[in-house]
Structures are given as C-alpha cells and as structure tokens.
Amino acid sequence: MGRLGHLFKLTVTIVFLLSGFAGCQKPEICMRGIRDDFVLDEALAISLSRNTLIRSGIEVSKMAPVPYGDDPKKFFARNLYDPNSGYVLWDEIGEGASSKYSVSIRKKGDKIYCAAEKGL
C-alpha cells in the first residue's frame, strides 16, 4: 500500500473514532424482549425517540417531532426494506425551525436500538 493509501486509512480511522464526539451517540438498547412478529408503530417510535433524546441530555420540553413526507400524521421515516428501522426528526417548536436532531431506531433480534444525532 502506498503513502496515499496509508494516509487515507489513517484519515478514515480518525474520523470513525471522533464520530462519537461530534454529536453522534453510540446506539443503545432502548427496548428488550421484542417478538419476531413485532411491528413498530408511529406512537412507539415517537416515544422511543423522545426518551433517547432525554437520556442524551437534550431538553425536549420545547421540541416536537417533525412530520415525515406529505402526511402530517407520519413521523417515523420507515426503512422500505426493514419496517422496524428508520428515524424520527425532532426540532424546536416555532416558525422557521429546521430539524435539529435525528433519532435512529432499529430492531435487531429481540432488541430495539436507538441513537440520537445532532442535525446540521
């Protein structure tokens, strides 16, 4: 491997290691004992995402989930290939607000993992 290859590998490693400090959270278990036939609904996705923000030390009293797509009642952006995975966007309540936080939710085995990330 040439000098550029080593430099690229080092850069990728540093970015990976620092990503935990740049507003990203390592996914944590936010629900256990999930059955195979479980389907994550909107209300639970909102609740899990809200609790994840709170556990991350984020004040949510003046925040609300952001509707996803054209339907103002849909907040869980569901993965097309894995309906128990997706994300919920959260923002401060008010005019001109933009998505401040994204909470990813993913079912894996009998657990659901959640992680909060600060938006751009």
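So which residues in segment 37-49 are farther than 18 Å from Asp71 by Cα and without any contact (Cβ under 8 Å) to a residue 60 or more places away in the chain, if there are any at all? Passing the criteria: Asp37, Val39, Ser47. Checking segment 32-50 against the condition returns a match, with at least one residue being at pLDDT 50 or above, in a helix (DSSP H, G or I), of a type in the set (Lys, Arg) and within 22 Å of Val88 (Cα to Cα).
Filtering segment 23-57 to residues that are closer than 18 Å to Lys118 by Cα and either touching a helix residue (DSSP H, G or I) at 6+ places or on another chain (Cβ under 9 Å) or charged (D, E, K, R) (or both) leaves Gln25, Lys26, Glu28, Arg50, Arg55.
Taking the criterion of being outside any loop (DSSP other than H, G, I, E, B), over 12 Å from the mean Cα position of the chain (by Cα) and of a type in the set (Lys, Arg), would at least one residue in segment 78-94 satisfy it?
No.
Of all the criteria given as (1) at pLDDT 90 or above; (2) surrounded by 15 or more Cβ atoms within 10 Å (Cβ to Cβ); (3) over 16 Å from Arg106 (Cα atoms), the one not satisfied by Tyr68 is (1).
Scanning segment 71-80 for residues that are surrounded by fewer than 16 Cβ atoms within 10 Å (Cβ to Cβ) and in contact with a helix residue (DSSP H, G or I) (Cβ under 8 Å, 6 or more places away or on another chain) gives Lys73, Lys74.
Scan segment 51-68 for residues that are of a type in the set (A, V, I, L, M, F, W, C) and not in a helix (DSSP H, G or I) and jot them down. Residues satisfying the conditions are Ile58, Val60, Met63, Ala64, Val66.
The values are calculated or read from the model by the stated rules, or taken from the named source; none is laboratory data. What you see is a predicted model, and the numbers here were worked out from it, not measured in a lab. A quick note on method: Cβ atoms are made from the backbone with ideal geometry, for glycine too, and the neighbour counts reach across all protein chains shown.
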